[in-house]
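Accompanying notes for the structure given below.
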Amino acid sequence: MSYITNTPVKDVAETICEKGLQSRNVLDYLSQFFRRDLQFLNTVYMGDWGRESLQKKMQSGKNERITIRFTPATYENIYSLSRALDVTPSKATALLIDASIRNTHLLNAFVKCYLHQHIDAARMKELKQVPEIHQ
């Protein structure tokens with residue numbers, strides 16, 4: 001995403017985390033791993049101490065360390081998520097990014113927002129004429 005949008009990785013990751021924390025689909029996905037309860041808007045996700053901790057689990061693929069600066073409000077939400085998952089805030093951030101990029105609607109919204117800010121109307125019209133690729 002960083003390469004496609006010519007945006008620093010830290011900025012892409014911050015935006016993806018913020019959008020992921022606001023997405024019910026992302027939290028629904030992560031809730032299967034909650035070991036503690038978490039309240040999100042009007043929904044209370046129930047944790048289960050019987051679930052295995054994800055703290056020691058390695059994610060497949062290439063892993064790199066990045067530095068992300070969050071607003072205090074976003075950090076508080078990540079901290080709450082980390083408590084529900086029973087992992088460190090850093091691990092919760094990695095899991096949140098992973099869950100968020102699995103949500104194609106969230107990624108499409110990110111790219112559309114970028115395109116609307118950086119591409120003129122004529123170019124946008126041309127892009128809309130490109131057929132979708134189905135996998």
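The values are calculated or read from the model by the stated rules, or taken from the named source; none is laboratory data. On a predicted model such as this, the values are computed, not experimentally measured, just so you know. No Cβ is skipped: glycine too gets one built from the backbone with ideal geometry, and neighbour counts run over all protein chains shown. Side chains are part of the model used for accessible areas, which takes the heavy atoms of the whole protein and leaves out ligands, DNA and RNA. Shrake-Rupley method; radii C 1.70, N 1.55, O 1.52, S 1.80 Å.
Here are the numbers for the structure shown:
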quantity	calculated
Rule-of-thumb Rg ratio for the chain [Cα; 2.2 N^0.38 Å; N residues]	1.18
Protection proxy ranking of 47-56, 84-93 - average other beta-carbon atoms within 10 Å, highest first	84-93, 47-56
Total formal charge among the other residues, if their Cβ is under 14 angstrom from that of TYR45, Lys/Arg +1 and Asp/Glu -1	+1
Computed E for ASP120/LYS56 - FRET, C-beta separation, R0 41 angstrom, nearest 0.05	0.25
Accessible area (Å², 1.4 Å probe, nearest 10) - TYR29	80
Spin-label pair CYS113/ASP48, simplified geometry with 7 Å Cα→Cβ offset, distance in nm	3.3
Solvent-accessible heavy-atom area per residue, rounded to whole Å², over the chain at 1.4 Å	72
Förster-model FRET efficiency, 22 Å R0, ARG102 and GLN39, C-beta, rounded to 0.05	0.45
Two-decimal Rg to Rh for the stretch 1-41 - Kirkwood Rh, Cα set	1.12
Nonlocal amide H pairs with ASP86, under 5 Å, H built at 1.01 Å	ARG35, ARG36
Ranked by how many other beta carbons lie within 10 Å on average, peptides 31-44, 7-20, 96-109 from highest	7-20, 96-109, 31-44
At 0.692 mPa s and 37 °C, Stokes diffusion of the stretch 27-80 via Kirkwood alpha-carbon radius, µm² per second	245
